[in-house]
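Beneath this line is the structure, given in structure tokens, with notes to follow.
The values are calculated or read from the model by the stated rules, or taken from the named source; none is laboratory data. Predicted model only: the values in this text are computed from it and were never measured. Cβ coordinates were reconstructed from backbone atoms using ideal geometry, including for glycine residues, and neighbour counts include every protein chain displayed. When the accessible area is computed, the model is the full protein with side chains, heavy atoms only, and any ligands, DNA or RNA have been set aside. Shrake-Rupley method; radii C 1.70, N 1.55, O 1.52, S 1.80 Å.
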Amino acid sequence: MSTAARIQQVALEHFAVHGYSGASLSQIAEDVGIKKPSIYAHFKGKEDLFLHVLDEVLHEEYQALIQYMHDHSHITLEERLQGVLDYQLHRYEQSEAAKFLLRVSFIPPKSLCDQVSEKVYAHIDQWEQALVRTIQASCDQGELRGIGAAHAASAFLCLSDGLQIELLYSGKERYQRRLDASWMVFWRGISA
């Protein structure tokens, strides 16, 4: 693994745990096994490092979601979409990248708010387009009726966002309780 990649990996852990303002370049350098000035050979500074980490995490998370949908294409749309919400919880529990992305998406650093929002919204738009294609394929097969694929994807993303906020602020139990309470209403609404 290259030095730049090691710096990004350690920085991800620090940003996920301490947030942008709490992460220290000195501590990141120490954990990588280099001196702080060596970071500047690879990144312009803390903001640049943070944005590189964000780009990598957004790419990784998108690929993970697409892979999940592909690996589960043999099950019904209902099972797949509900599975994405379960998978979202699992990723949060197991992945520093998912924790980092959730935190940054809802609580971006003030100094980088516009840049973070632009990147996160581009990621969400890309994910929404993939959802629309998946939902449309199910509509074409007669699995889903009553609402267009674009509206169903938007509604799903709203549900997902609400659940992620519960996860970020309240934890797994409230996430699961909200999912259990809202899933039936969501599915009936898009499949009626």
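Below are the figures for this structure:
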{"quantity": "Options 126, 88, 94; residue that is touching a residue at least 24 places away in the same chain (Cβ under 8 Å), surrounded by fewer than 16 Cβ atoms within 10 Å (Cβ to Cβ) and within 30 Å of residue 13 (Cβ to Cβ)", "calculated": "126"}
{"quantity": "Answer from 20, 40, 92 - the residue that is touching a helix residue (DSSP H, G or I) at 6+ places or on another chain (Cβ under 7 Å) and farther than 19 Å from residue 160 by Cα", "calculated": "20"}
{"quantity": "Residue in the range 110-118 that is at negative phi, modelled with pLDDT under 95 and within 15 Å of the chain's Cα centre (by Cα) present", "calculated": "no"}
{"quantity": "Residues that are open to solvent by 20 Å² or more (accessible area, probe 1.4 Å) and either in contact (Cβ under 8 Å) with a residue 40 or more places away in the chain or of a type in the set (S, T, N, Q) (or both), drawn from the range 43-54", "calculated": "47, 51, 52"}
{"quantity": "From 136, 141, residue being closer than 19 Å to residue 73 by Cβ and either aromatic (Phe, Trp, Tyr) or without any contact (Cβ under 8 Å) to a residue 12 or more places away in the chain (or both)", "calculated": "141"}
{"quantity": "Hits in the range 70-85 (condition: open to solvent by 20 Å² or more (accessible area, probe 1.4 Å), touching a helix residue (DSSP H, G or I) at 6+ places or on another chain (Cβ under 9 Å) and over 15 Å from residue 175 (Cβ atoms))", "calculated": "72, 73, 75, 76, 78, 80"}
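This table checks each residue for (1) open to solvent by less than 80 Å² (accessible area, probe 1.4 Å); (2) within 21 Å of residue 109 (Cβ to Cβ); (3) at pLDDT 95 or above.
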site: 2; (1), (2), (3): yes, no, no
site: 11; (1), (2), (3): yes, yes, yes
site: 24; (1), (2), (3): yes, yes, yes
site: 32; (1), (2), (3): yes, no, yes
site: 41; (1), (2), (3): no, no, yes
site: 56; (1), (2), (3): no, yes, yes
site: 65; (1), (2), (3): yes, no, no
